[in-house]
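Q: For reference, the structure I am asking about is given below.
The values are calculated or read from the model by the stated rules, or taken from the named source; none is laboratory data. What you see is a predicted model, and the numbers here were worked out from it, not measured in a lab. Here the Cβ positions follow ideal geometry from the backbone for every residue, glycine too, while neighbour counts run over all protein chains shown.
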Amino acid sequence: MLSGGDILIRCLQEEGVDYVFGYPGGAVLHIYDALFRQNRIRHILVRHEQAATHMADGYARSTGRPGVVLVTSGPGATNAITGIATAYMDSIPMVVISGQVQSHLIGTDSFQETDMIGICRPIVKHSFAVRSAADLALAVKKAFYIATSGRPGPVVIDIPKDITNPTDLVEYEYPQQISLRSYNPAAKGHTGQIKKAVTLLMEAERPMIYAGGGVIQGNGASELTSLTRLLGYPIVNTLMGLGAYPGTDKQFLGMLGMHGTYEANMAMHHCDVLIAVGARFDDRVTNTVAKFCPYAKIIHIDIDPASISKNVMVDVPIVGPVESVLTEMLEVSQAKIGKRTKTQASRLAEWWAQIEGWRKQDSLRVTPSADGITIKPQEAVQAVFRASKGAAYVTTDVGQHQMFAALYYPFDEPRKWINSGGLGTMGFGLPAAMGVQMAFPDALVCCITGEGSIQMNIQELSTCAQYGLPIKIININNRSLGMVKQWQDMQYEGRHSDSYMESLPDFVKLAEAYGHVGIKVERLADLDAALEQAFALQDRLVFVDVIVDRDEHVYPMHVAPNGSMRDMWLKKGVRT
Amino acid sequence: MRRIISVLMENEAGALSRVVGLFAQRNYNIETLTVAPTEDETLSRLTLTTSASDAEVEQITKQLNKLIEVVKLVDLTDGDHIERELMLIKVKATGAQRAEVKRTSDIFRGQIVDVTHNSYTIQLAGTSDKLNAFLRAMSESVVLEVVRSGVSGVSRGEKILAV
């Protein structure tokens, strides 16, 4: 016989949870007491509940295991919303436990009451309102199963305070097996469809592989890499998919989409067979949907049937886990690859020649500043790549620095690149880096951020101090909300409506105030040395404030509205 | 095109709000909605009508299926089916009007289920089109109140929606 509070903690232990990220409050005090009386699960006390969700998110993205969050009712729950929505948009497994007021007070507008189930409904994969302590174990089991299977996502468990009362004891048994009649995600792809897809791929003259975050979430990166190398086809990754294929490999054309490379977007536009793997034809990829890949037959592998033909109609849909579908595809392809005709081989060679022509555009070339002193934001990211030897975990916030990081820091492995792609949540980077550092205490974890984004969760510098997290923050400081300013430059004749950040803090002093190390870099010549100094301080959090050119834009950039994939701005005033 | 989608879902608190919320969230429209428990008390059956293109209805059914509590669903308009809607209509019925209202009601096989000196309440079941036609036929009368149940439906023949 156990209390609800103890049952909850036992369930989390059964699920192998090592960290819970959270913040206590009235409705979860019984749960916090149960946490106190055990030592298998470590609780990380954040400074704001939004950060708890992003920490759990960073933990989940880097490990593949679900992140766990514990917040109190009312404001605790509502503060978690942005992080839940972030995880939902990027299909990240997460279990969020929210306290609720006592059952008899629900619906009476009682202190710290909010309808969490109602508020989070559109941004969760599922949610549970627990009605009795006896139901708790089953709800937790279901929550972890739903969050981690199929297309992953956040699941909320809302628990009224009386359910966890230490004096009300109920029988406890953790269910070992779970099956839901209404939820059965596909275990493998349709073999007939897979064969059809391979046939189409073998016959392609201008093939393209377009891989997204699903490859990373579905642990299919090595299968994807094997298949891509076997076929010898060009590949692009989405923002979420970076690292799904080695970023420094010659078959990799870079990121595609709104800020994709010239060669990636041109090859997408001109291909005749496109295979989309764990990608969802997001509007930031396709530009105008009606003009997307006009010559292509499209194959789409996705675990979620609702992703198929949602934005773009596809010719060969395959619903299933990427790992198993790609493995099967690889087997079928190996049997057929030797049978490619000479004509096919020469057409593929012609396609590669065309792509090499696009590559010569060198669309990511950085023009150093005229004075030779001012740092370009791209140079800052390149310097981080050099100093970390390309091996760091990199989290970002949202804006220009995020795009520069995506374009100028190639990732050779999955789960190293961690950013809020779907929701685009500023304030994500620092807490996400904290979650990664918790999971990998000895790894180099860099948070590439901007002076706008970092201030959205800057209070977590305090949490970093408490738990000794040696994160390296690289603040690409352009004294303006760079992406907003870029759009205002391009579309609003340079009217910078509220995109300037005046009265910025002294970030070095701020870092020092929290007990960390702060370094300010203003000259290009000092950049590499500053980063080396920062990375050498292995057990300290270092805040590197890099003052960069404030007028730089991110290019290439899709021409919108009504543009196709190949319509791009290549630099200021120059378009395709 | 008008669609009738029938959904079997877990009879749990919150399931209905997920379905309704989904339609609002994804900008689909609901024209009618009706829901009640079935002979199996763990399941409830929800029927809704919406107007959507083929591509839209494919997304609607996929998104509905994605809801964890949805067990099974069918687009009844895909095949032969029976649809019924119940309407209660209260009309002013005085003087010569009384006979006229009764005659029209009889033609539509309506039943007068409540009578006062000044009013009739007529119950009518049928397809939505039939109910609409009756309302048009009553346009000369003073209609005091109209209550419609929303559409329910079932496939013709052996085809069933069950677990």
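Q: Between a first residue in segment A:341-358 that is of a type in the set (Val, Ile, Thr) and a second residue that is in a helix (DSSP H, G or I), which pairs have beta carbons less than 6 Å apart while being 6 or more apart in sequence or on different chains?
A: Pairs found: A:355/A:263; A:355/A:267.
Q: What are the residues in segment B:115-129 that are on the phi < 0 side of the Ramachandran plot and not hydrophobic (A, V, I, L, M, F, W, C), if any?
A: B:116, B:117, B:118, B:119, B:120, B:121, B:123, B:127, B:128, B:129
Q: Would you check if there is a residue in segment A:154-166 being farther than 23 Å from residue A:59 by Cβ, of a type in the set (A, V, I, L, M, F, W, C), surrounded by fewer than 21 Cβ atoms within 10 Å (Cβ to Cβ) and at pLDDT 95 or above?
A: Within segment A:154-166, none of the residues are farther than 23 Å from residue A:59 by Cβ, of a type in the set (A, V, I, L, M, F, W, C), surrounded by fewer than 21 Cβ atoms within 10 Å (Cβ to Cβ) and at pLDDT 95 or above.
Q: Another question, then. For residues that are within 14 Å of another protein chain (Cβ to nearest Cβ) and either small (Gly, Ala, Ser) or outside any loop (DSSP other than H, G, I, E, B) (or both), tally how many sit in segment A:96-115. Break it down stepwise before answering.
A: Keep residues of segment A:96-115 that are within 14 Å of another protein chain (Cβ to nearest Cβ), which gives A:100, A:103, A:106-107, A:115.
Now drop any that are not either small (Gly, Ala, Ser) or outside any loop (DSSP other than H, G, I, E, B) (or both), which leaves A:100, A:103, A:107.
The total comes to 3.
Q: How many residues are at the interface with chain B (Cβ under 8 Å from one of its Cβ atoms) and of a type in the set (S, T, N, Q) when one looks only at segment A:121-136?
A: Qualifying residue count for the region: 1.
Q: Could you please give the count of residues in segment B:1-18 that are within 11 Å of chain A (Cβ to nearest Cβ) and more than 16 Å from residue B:151 (Cα to Cα)?
A: 8
Q: With respect to residue A:156, determine if the residue is part of a strand (DSSP E or B) and either within 14 Å of chain B (Cβ to nearest Cβ) or under 21 Å from residue B:12 (Cβ atoms) (or both).
A: So residue A:156 fits the description; yes.
Q: Within segment B:21-42, restricting attention to residues that are of a type outside the set (Lys, Arg) and facing another protein chain (nearest Cβ under 10 Å), which residue is nearest to residue B:69 (Cα to Cα)?
A: Residues of segment B:21-42 that are of a type outside the set (Lys, Arg), as a first pass: B:21-25, B:27-42.
Subset that is facing another protein chain (nearest Cβ under 10 Å): B:21-22, B:24-25, B:42.
Numbers: B:21: 14, B:22: 13, B:24: 18, B:25: 17, B:42: 11 Å.
So the residue we want is B:42.
Q: Go through the residues of segment B:23-36 one by one and say whether even a single one is touching a helix residue (DSSP H, G or I) at 6+ places or on another chain (Cβ under 9 Å), in a strand (DSSP E or B) and charged (D, E, K, R).
A: No: zero hits.
Q: Taking residue A:118, is it within 13 Å of chain B (Cβ to nearest Cβ), surrounded by fewer than 22 Cβ atoms within 10 Å (Cβ to Cβ) and among the small types (Gly, Ala, Ser)?
A: Against the criterion (within 13 Å of chain B (Cβ to nearest Cβ), surrounded by fewer than 22 Cβ atoms within 10 Å (Cβ to Cβ) and among the small types (Gly, Ala, Ser)), residue A:118 qualifies.
Q: So residue A:469 clears everything in (1) in a loop (DSSP other than H, G, I, E, B); (2) more than 30 Å from residue A:19 (Cβ to Cβ); (3) not polar (S, T, N, Q) except one condition, right? Which one?
A: Every condition holds for residue A:469 apart from (2).
Q: From the residues in segment A:167-198 that are crowded, with 17+ Cβ neighbours inside 10 Å and among the hydrophobic types (A, V, I, L, M, F, W, C), which one is nearest to the other protein chains (Cβ to nearest Cβ)?
A: Checked segment A:167-198; the qualifying residue nearest to the other protein chains (Cβ to nearest Cβ) is A:186.
Q: Also, I was wondering about something else. Restricting to segment A:306-322, count the residues that are more than 14 Å from chain B (Cβ to nearest Cβ) and either in a loop (DSSP other than H, G, I, E, B) or surrounded by fewer than 19 Cβ atoms within 10 Å (Cβ to Cβ) (or both).
A: So the answer is 3.
Q: Inside segment A:255-305, can you point out the residues that are in a helix (DSSP H, G or I) and within 14 Å of chain B (Cβ to nearest Cβ)?
A: If the condition is that a residue be in a helix (DSSP H, G or I) and within 14 Å of chain B (Cβ to nearest Cβ), then A:289, A:290, A:305 are the ones that fit.
Q: Here is a list: B:163, B:142. Which entry is outside the structural domain of residue B:20 (by TED's automatic domain parsing), surrounded by fewer than 16 Cβ atoms within 10 Å (Cβ to Cβ) and touching a Leu at 6+ places or on another chain (Cβ under 9 Å)?
A: Of the residues listed, the single one that is outside the structural domain of residue B:20 (by TED's automatic domain parsing), surrounded by fewer than 16 Cβ atoms within 10 Å (Cβ to Cβ) and touching a Leu at 6+ places or on another chain (Cβ under 9 Å) is B:163.
Q: Mind telling me which of the residues A:468, A:399, A:424 ends up being under 18 Å from residue A:240 (Cα atoms), small (Gly, Ala, Ser) and touching a residue at least 60 places away in the same chain (Cβ under 8 Å)? Break it down into steps so the answer makes sense when it comes.
A: Working: A:468 fails: under 18 Å from residue A:240 (Cα atoms); A:424 fails: touching a residue at least 60 places away in the same chain (Cβ under 8 Å).
Sole residue among the options that is under 18 Å from residue A:240 (Cα atoms), small (Gly, Ala, Ser) and touching a residue at least 60 places away in the same chain (Cβ under 8 Å): A:399.
Q: Tell me, yes or no, whether segment B:60-73 has at least one residue that is within 14 Å of chain A (Cβ to nearest Cβ), crowded, with 19+ Cβ neighbours inside 10 Å and closer than 13 Å to residue B:150 by Cβ.
A: No, segment B:60-73 contains no residue that is within 14 Å of chain A (Cβ to nearest Cβ), crowded, with 19+ Cβ neighbours inside 10 Å and closer than 13 Å to residue B:150 by Cβ.
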